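See structure below.
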Amino acid sequence: MTEKDTMSERYDMPYGRQNIDEDDIRAVTDVLRSGWLTTGPKVEEFERKGSGLAGTRHAVAVNSGTAALHAAVHAVGIKPGDEVILSPMTFAATGNVIVHSGGVPVFADVDPDTLNIDPECVENKITPKTRAVIAVDYAGQMCDYRRLKEIARKRNLSLIADACHSFGGSMDGAPSGSCADISVFSFHPVKNITTGEGGMAVTDNAGFAERIKRFRNHGISMDASRRELADSWYYEIEEPGYNYRITDIQCALGISQLEKISGWIDERNRLAELYDGCLEGVDKVKPLARTPGVKHAYHLYVVRLTMEDCREIRPEIFRKMRRAGIGVNVHYIPVHYHPFYRKTFHTREGMCPAAEDAYERILTLPMFPGMQEKDVQRVCAALKEFVGK
Ligand SMILES: *Cc1c(COP(=O)(O)O)cnc(C)c1O
């Protein structure tokens, strides 16, 4: 949804939205009274709790999911000319950060039933220049990290998880964030918890964590040998970084939101079950497949339309749903379709057939904690009517 859509149309039911209660508001106002506004004790506490949930040794909080992705790509050492394999079914940020590091994005196709990157397609795209793979946990369901890790280890590649959708989920008991060399979360208001804007990178590798911390703060070194000079003006830039710092105000909100995440994930799963039930037997609408052993975080509830002529019909259904006040969306325009990627990397239609076919068929239906059973029924009734059931 562009900003313009948001202003010109009002949906009484958006595809996703934040949930803010009085505890969240109190957490933020307490920080405002505390004297610390930016990098202070709340950042550290949020990082400690974030790595606790993700099951990793380290966490670094930054001011967006995009910043966390950029820092991750930097930390694994992507340099100009390095190829990075990624899924095209993602927000453009996943590809853009590769470009910011001078890397070359290489798109590998997805599994048509989950829209997660297909490990076999990843293997087929590996060249001597490949340095890393970025997997995206589409809609909140974790990728096949067992296979992806095997491939990465065998070919000496770094594995990054864009886990912006799956925060709070798990797979065979392994929490989202614990299955790649570095995993990245977003806390934008539509995501599973929010800090307004914000993100986090989690890892078991102390070197990566240190490098991400430095990148967050202009590249200023926190080398232990310099600690003795803590009382002086001295610091060193080892490599140029950015200002990707998150504030204590945001982290206080994040800490308060974290208390509620497991209940919210359960609620999202209940809503998904209601959707699955309402859409059962509707042969023109098919929910995405669930992988056995996955605790889905259901950031998004996505269905596919099964008609032959989706290219014509889907836009019509989309418009009718929006006019009915239901804020459906499409996640995503395959990244390799964007003009920048076509012009710069000569990407084109036909490169990722499963992602491209899915793109013509998918529709994201509203899903957020606080949504009621009658809301799900209303969405499904409208959808059934418009697909002509
Ligand atoms: C939201 C999102 C991002 C970017 O996160 P921001 O916090 O908005 O910068 C990146 N990748 C995916 C898959 C996302 O959903």
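The values are calculated or read from the model by the stated rules, or taken from the named source; none is laboratory data. These numbers were taken from a predicted model, which means no experiment stands behind them. All Cβ positions, glycine included, derive from the backbone under ideal geometry; neighbour counts span all protein chains shown. Areas reflect the complete protein model, heavy atoms only, side chains present, ligands, DNA and RNA absent. Shrake-Rupley method; radii C 1.70, N 1.55, O 1.52, S 1.80 Å.
Couple of notes before you dig in:
- Tally, over the range 122-143, of residues that are among the β-branched types (Val, Ile, Thr) and either within 16 Å of the ligand (Cβ to nearest atom) or over 11 Å from Ile85 (Cα atoms) (or both): 3
- Among the numbered conditions (1) away from the ligand (no atom under 15 Å from the Cβ); (2) in contact with a Lys or Arg (Cβ under 8 Å, 6 or more places away or on another chain); (3) more than 30 Å from Cys380 (Cα to Cα), the only one that Arg211 does not meet is (2).
- Total residues in the range 155-169, condition among the charged types (D, E, K, R) and more than 24 Å from His74 (Cβ to Cβ): 0
For every residue, the table says whether it meets (1) out of contact with any His (no Cβ under 9 Å at 6 or more places or on another chain); (2) surrounded by fewer than 19 Cβ atoms within 10 Å (Cβ to Cβ).
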site: Leu300; (1), (2): no, no
site: Ile313; (1), (2): yes, yes
site: Gly325; (1), (2): yes, yes
site: Asn329; (1), (2): yes, no
site: His336; (1), (2): yes, no
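- Residues considered: Asp137, Asp172, Asp181. Of these, the only one that is charged (D, E, K, R) and closer than 12 Å to Ala72 by Cα is Asp181.
- Qualifying residue in the range 8-28 (condition: at pLDDT below 95, closer than 30 Å to Phe318 by Cα and part of a helix (DSSP H, G or I)): yes
- Counting only strands (runs of 3 or more DSSP E) wholly contained in the range 177-296, the ones carrying 3 or more residues that are in contact (Cβ under 8 Å) with a residue 60 or more places away in the chain and either open to solvent by 40 Å² or more (accessible area, probe 1.4 Å) or not acidic (Asp, Glu) (or both) occupy 182-186, 199-203.
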